[in-house]
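S.K.: Got a structure for you, questions after.
The values are calculated or read from the model by the stated rules, or taken from the named source; none is laboratory data. It should be emphasised that the depicted structure is a prediction, and the values quoted were computed from it without experimental measurement. Methodologically, a virtual Cβ is constructed for each residue, glycine included, from the backbone with ideal geometry; neighbour enumeration extends over all protein chains shown. For the accessible areas, the whole protein counts, side chains as well, though only heavy atoms, and no ligand, DNA or RNA atoms are used. Shrake-Rupley method; radii C 1.70, N 1.55, O 1.52, S 1.80 Å.
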Amino acid sequence: MGIEFTYSQPVAIYFGQGRFRMLSQLLQEMEIDRCVLVCDPYFAPRAQQIMKENKAVCAVFSEVEPNPQLKGIIQVTELARKHQAQGVIGVGGGSTLDTAKFAAAIALDGGDAIDYYEGRRSFPARRLAMIAVPTTAGTGSEVTQVSVVSHGTEKKTINNPAFMPKAAIVDPELSSSVPPKVTMNTGLDAMAHALEGYWSVNHQPICDVLAIEAVRTVLNNLERAWRDGNDMEARSNMAYAALLGGMAFAQPKTAASHACSYPLSEDYHLPHGEACAFTLDSIVMLNADERLDYLCKAVGLEDCAALARRIRELKELGGLRTRLSQLGDVDVGKLAHDCAVHPLMKNNPVRLDETALVKMFEALR
Ligand code: NAD
């Protein structure tokens, strides 16, 4: 059978060092006179400065927490409604972008955030324009229709076209201050997106090309960016890899490593990138086949074992946890069960049931 696929990528992407300075011009072009800027406490002083300099920014919400909670979304939505905002700008890591995306999607509708979160209310067709400005190089949230939100201890991935940003400004300069540990976590998240988009049962040709280039770019630049955060060439390449990684998984969706990341984040409090990376090298070996071997060779590695080895080396270099004994008292049976029943597990090319996952985790004791 010949090639057949459906592909779309609706976000206008402005990529390059220093391009964040075009924000005012972009707001004008998008005819946004009133908007809310969302960030986390790290960016708060700069956000206040931006508000002073730019009349279109009428309010700042700077309290986004990692693994963002629904309550932050409720606060941003209230601000946007109060100021009759026409847009929401998210400047930060995935936690900030996901908060801004959700609030922009619901602000024009009268409903409560919890009703959309619980699926009792559909996301409206009319929404505020959202501008995504990533400051970490990992999630690719600037080009996905995903928002990952926690409510209490539950962490949920919601996938809806309403979350697609209208525009993304990817300025690698903004990532120069990311600490080494976060650089490694987020860089391996980008690697996980690319690999999972590639081996997902929903894989498709355009995303495969993006995935291969993203994996190659992470392999060539992550250690450099981790060693020297001011190496702007490495930072720029990592921002590019994260963007490509986002586009590589946006349609095929992620699979086993991401399925396992949810219980690892919820029950053992690993940051998202570290949680994905925890099983990534093991899953490379479990998914090893001719297709994955093709990717390995295309990025200059001998085989799947070499890819798994390099991922493990990067984790160890970055001080990420690699063994269950580092997570405290782990109930392997429960962990394997929770991973096996996660909906993303269905996208994995190899069926990994509870028994297979117990075996995988036992080898990581
Ligand atoms: P994050 O947004 O939680 O930020 C991690 C830490 O890095 C924070 O303390 C933050 O203050 C700090 N930080 C961010 N930028 C900085 C900078 N430039 N300088 C100094 N410090 C900085 O981390 P993340 O990994 O970018 O995002 C993780 C979240 O994104 C998780 O909730 C995850 O589930 C979600 N996610 C979403 C998607 C998607 O498509 N929507 C994809 C993958 C992950």
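S.K.: I want to make sure I understand the PRE zone here: with the label point 7 angstrom from the Cα of Glu154 toward its beta carbon, which residues in the stretch 80-117 have backbone N atoms less than 17 Å away?
M.R.: 112-117
S.K.: Helix-only estimate, please: 222 nm mean residue ellipticity of the chain, summing -39500 (n - 2.57) across DSSP H runs of length 4 or more and dividing by its residues, to the nearest 500.
M.R.: Theoretical 222 nm ellipticity from helices: -15500 deg cm²/dmol.
S.K.: What percentages make up the Cα-Cα pair-distance distribution of the stretch 180-362 when the bins are 10 Å wide from 0?
M.R.: Per 10 Å bin, starting at zero, the Cα-Cα P(r) for the stretch 180-362 comes out as 11, 41, 37, 11, 1 percent.
S.K.: Carbon and sulfur together cover what percent of the accessible area of the chain at a 1.4 Å probe radius?
M.R.: Whole-percent figure for carbon plus sulfur exposure: 50.
S.K.: Right, another one. By average Cβ neighbour count within 10 Å, what is the ranking of 348-355, 66-73, 135-142 from highest down?
M.R.: The most tightly packed comes first, giving 135-142, 66-73, 348-355.
S.K.: Rounded to two decimal places and with Rh computed the Kirkwood way over Cα pairs, what is Rg over Rh for the stretch 90-164?
M.R.: That ratio equals 0.94.
S.K.: Still on this structure, please answer the following. Hand me the tally of lysine pairs in the stretch 12-175: alpha carbons under 18 angstrom apart, and the pair either on different chains or 8 or more positions apart.
M.R.: For the stretch 12-175, qualifying lysine pairs total 9.
S.K.: Need the full-extension length gain, Ile206 to Lys55, defined as separation in residues times 0.36 nm minus the C-alpha distance. One decimal, nm.
M.R.: Roughly 50.3 nm would be gained on extension.
S.K.: Related question: Over all distinct alpha-carbon pairs, what is the Kirkwood Rh of the chain in angstrom?
M.R.: 20.5
S.K.: Okay, moving on. Provide the percentage of antiparallel DSSP beta bridges, counting only those with both residues in the chain; round to the nearest 5.
M.R.: Antiparallel bridges: around 20 percent, rounded to the nearest 5.
S.K.: Evaluate the Debye formula for the stretch 254-294 with equal point scatterers sitting on the alpha carbons, no solvent, and hand back log10 of I(q)/I(0) at q = 0.19 Å⁻¹, in q order, two decimals.
M.R.: -0.53
S.K.: Now for a separate question. So, by mean Cβ neighbours within 10 angstrom, what's the order for 204-212, 251-259, 296-304 with the highest one leading?
M.R.: In descending order of packing, they fall as 251-259, 204-212, 296-304.
S.K.: Let me ask something else about it. Using the Kirkwood radius built from alpha carbon pairs, what does the Stokes-Einstein equation give as D for the stretch 245-315 at 20 °C and 1.002 mPa s, in µm² per second?
M.R.: In µm²/s, the coefficient is 166.
S.K.: Thinking of the stretch 1-70 as a set of Cα atoms, what percent of all their pairs are more than 19 Å apart?
M.R.: That fraction is 52 percent.
S.K.: Let me ask you something else. Using a 4.7 Å cut-off between beta carbons, which cysteines in the chain end up with no partner cysteine at all?
M.R.: By the Cβ distance rule, which asks for a partner under 4.7 Å, the isolated cysteines are Cys35, Cys39, Cys58, Cys207, Cys276, Cys296, Cys304.
S.K.: Also, quick follow-up: Taking 7 Å along the Cα-to-C-beta vector as the label spot, tell me the Gln9-Ala356 distance in nanometres, rounded to one decimal.
M.R.: If labels sit at Gln9 and Ala356, their model points lie 3.0 nm apart.
S.K.: Plugging the Kirkwood radius over Cα pairs into Stokes-Einstein for the stretch 196-286, at a temperature of 25 °C and a viscosity of 0.890 mPa s, what D comes out in µm²/s?
M.R.: D, rounded to a whole number, is 177 µm²/s.
S.K.: Moving to a separate point now. Quick one: helix 205-227 against the long Cα principal axis of the chain, what's the angle to the nearest 10°, folded into 0 to 90?
M.R.: Taking Cα atoms only, the helix is inclined about 90 degrees.
S.K.: Lysine pairs in the stretch 217-365 with alpha-carbon atoms under 24 Å apart, 8 or more places apart or on different chains: how many are there?
M.R.: 8
S.K.: Could you give the angle, 0 to 90 degrees to the nearest 10, between helix 94-106's Cα long axis and the longest principal axis of the Cα atoms of the chain?
M.R.: 50
S.K.: Taking the convex hull of the Cα atoms, report for the stretch 19-161 its projected area averaged over all directions, in nm².
M.R.: Mean shadow area of the hull around the Cα atoms is 7.8 nm².
S.K.: Measuring from a point 7 Å past the Cα of Glu78 along Cα-to-C-beta, which residues in the stretch 109-145 have an amide N at less than 14 Å?
M.R.: 112-114
S.K.: Here is a follow-up. Angle check, please: helix 304-317 long axis (alpha carbons) against the longest principal axis of the chain (alpha carbons), in degrees 0 to 90, nearest 10.
M.R.: Once rounded, one gets 60 degrees.
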